[in-house]
Amino acid sequence: MELKKLHWTTVAAVLGMGAAGLVLAGTIFVSSGIYNVAASSGHFRITTWLLAMVRERSIDMRSFPIEVPPIDDDGMIRLGAAHYEGGCVPCHGRPGEEMNPIVSGMLPPPPNLTEVGKRRPPEEIFWIVMHGLKYTGMPAWPNTGRDDEVWAVTAFLATLPGAVSGYPDFAGLARGGGDKHEGLANGRTFTRCGRCHESEGTGTNGNRIPRLAGLPEAYLLRSLREYAERTRASGAMEPVADLLDDGRMRELAAYYSALRPVAPKTTVAPDPERLRRGEAIAIRGIPRHGVPACLTCHSGRQSSYFPTLAGQHAAYIAEQLRLWQRGGRVGTAYGRIMAVVAGALSAEQIEDVAAYLASLPPGAAPPEPMAEVSR
């Protein structure tokens, strides 16, 4: 009988029986346990091919609309290398070094990322670091609200393999006396604090990392507790604070509060006009836009729960203000207040006030703010 003469019901019945047979065969295959799930046995070639195809098409589609910001900043690359050292090295290894043979036994094994900057564009690297990959052991970033942290890791990975030789410097491995010192700021918690932040006589590992030396002890303790409680978002700091008990937090807060600030090295003279505009915002605020004077709270004369900003890195201040604008730091009452303030600032005003606050001597009492009501 010719196929074209078959009634549609007959064709449907044949197709239905075929589908039922496939379901039955699949059920028997899955329930029998015949498929070996051991990592030592590997996948079938067709399975490997299908998984790779699905993975790459998914990454390509979801990363396509991502807009890549400038990622060639030295401070951003240093921050990304520091995050990589703290969270990525256990599986992927340090650039330029052999991978751990035990980790290499995973299925699939974590890729060596030395050449990732050549293999993938920045938007794909960002998406993978942010969201992770199913069935590979690659986790999502601990807090997906912090795209600035993920872009920092992306900036570092995008420079590879060019940054391999400079990795120890970028990641801060040579800071704080190395592994021999088990002092308070250098001991192994999750990662050594001194690898990123200040130690006695040293500054931070780049201008994207906050200067902690001399900040109020109450503020530092509050920050650590907020990280541990997941109310202050940070994919880098939340895991660190989670490993600290309250006594350890108090010790760290006291240590950094008592540490003498080191004057930052400046290679480019700030624009005088920018400093003038920033000074006006810091001292007088912008009353018509509901922006109070920054130094009303951040001069060190008010509550010890507020950080002093004199001498803080301009890049760090500006990025935090942009983070508040994006809603990335609204988990606390203080954060919600700052989100309103930051939301009223333009991009240029953020850069202006950040430059002015950074120009003030670290630890010095800045000028008294003027009352906004009279302006």
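Numbers at a glance
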quantity: Expected-Rg normalisation [2.2 N^0.38 Å, Cα atoms] applied to region 76-151; calculated: 1.07
quantity: Per residue value of the accessible surface for region 128-169 (all protein chains in place, 1.4 Å probe), Å²; calculated: 42 Å²
quantity: Charge dipole (region 231-283, unit charges on Cβ, about Cα centre) - positive-most of A241, I281, Y255; calculated: I281
quantity: Neighbour count of at most 11 Cβ within 10 Å plus DSSP loop: longest GluC sites (Glu not before Pro)-free window in the chain; calculated: 183-375
quantity: Integer Hz, Karplus 6.51/-1.76/1.60 couplings in order for region 233-238, x for Gly and Pro; calculated: 6, 5, x, 8, 8, 4
quantity: Accessible surface, region 236-307, averaged per residue in Å² (probe 1.4 Å); calculated: 58 Å²
quantity: Region 147-173 versus region 203-277: alpha-carbon centroid distance in Å; calculated: 21 Å
quantity: Principal-axis tilt of helix 272-284 within the chain, Cα atoms, nearest 10 degrees; calculated: 80 degrees
quantity: Label-point separation in nm, E115 to V11, each point 7 Å along Cα→Cβ; calculated: 5.0 nm
quantity: Pairwise FRET efficiency - E368 versus A254, Cβ, R0 = 35 Å, nearest 0.05; calculated: 0.80
quantity: Qualifying trypsin sites (Lys or Arg not before Pro) in region 75-152, DSSP loop, other Cβ atoms within 10 Å at most 14; calculated: K134
quantity: Spacing of the two label points (7 Å from each Cα toward its C-beta) at Y35 and R225, in nm; calculated: 5.0 nm
quantity: At most 14 other Cβ within 10 Å, DSSP loop - trypsin sites (Lys or Arg not before Pro), region 186-279; calculated: R188, R230, K265
quantity: Long-range HN-HN contacts of L133 with modeled amide H, under 5 Å; calculated: M138
quantity: Rounded to the nearest 20 debye, dipole of the chain from Cβ charges on Lys, Arg, Asp, Glu; calculated: 600 debye
quantity: 16 Å cut-off, amide nitrogen to a point 7 angstrom out along D72 Cα→Cβ, residues in region 284-320; calculated: none
quantity: Three-way shape call for region 46-173 based on the alpha-carbon gyration tensor, with the a/c threshold at 1.5; calculated: oblate
quantity: Signed unit charges on C-beta, dipole axis of the chain, positive-most listed residue T308, V11, G331; calculated: V11
quantity: The chain - percent relative contact order, Cα under 8 Å, separation 6 or more; calculated: 14 percent
quantity: C-alpha long axis of helix 74-87 to longest principal axis of the chain, angle in °; calculated: 60 degrees
quantity: Scattering profile of the chain at q = 0.12 Å⁻¹ [log10 I(q)/I(0), Debye over alpha-carbon scatterers]; calculated: -0.97
quantity: Charge-dipole axis of region 1-151 as Lys and Arg at +1 and Asp and Glu at -1 on Cβ define it, positive-most pick from H43, P95, P108; calculated: H43
quantity: Added length on full extension, which subtracts the Cα-Cα distance from 0.36 nm per residue, I28 to D60; calculated: 8.0 nm
quantity: Integer Hz, Karplus 6.51/-1.76/1.60 couplings in order for region 301-317, x for Gly and Pro; calculated: 8, 9, 5, 6, 7, 9, x, 7, 10, 4, x, 5, 4, 4, 4, 5, 4
quantity: Cα-based helix-to-principal-axis angle, 8-32 vs the chain, degrees rounded to 10; calculated: 60 degrees
quantity: For the chain, built as a Gaussian network whose Cα springs stay under 10 Å, the top-fluctuating residue of A358, A254, A38; calculated: A38
quantity: Within the accessible area of the chain (1.4 Å probe), percent carbon and sulfur; calculated: 60 percent
quantity: Estimated inter-spin distance, D246 and R322, nm [label 7 Å along Cα→Cβ]; calculated: 3.8 nm
quantity: Exposed-site-free run, longest, the chain (rule: chymotrypsin sites (Phe, Trp or Tyr not before Pro); DSSP loop; at most 16 other C-beta within 10 Å); calculated: 191-304
quantity: Interchain or long-range residues, amide H under 5 Å from L160's placed H; calculated: G117
quantity: Tensor-based shape of region 235-375 (alpha-carbon gyration tensor, a/c under 1.5 rounded, otherwise prolate or oblate); calculated: prolate
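The values are calculated or read from the model by the stated rules, or taken from the named source; none is laboratory data. All values derive from a computational prediction rather than experimental measurement. With ideal geometry, Cβ positions are generated from the backbone for all residues, glycine too; neighbour counts draw on all protein chains shown. Just so you know, the surface numbers come from the protein's heavy atoms only, side chains and all, with ligands and any DNA or RNA stripped out. Shrake-Rupley method; radii C 1.70, N 1.55, O 1.52, S 1.80 Å.
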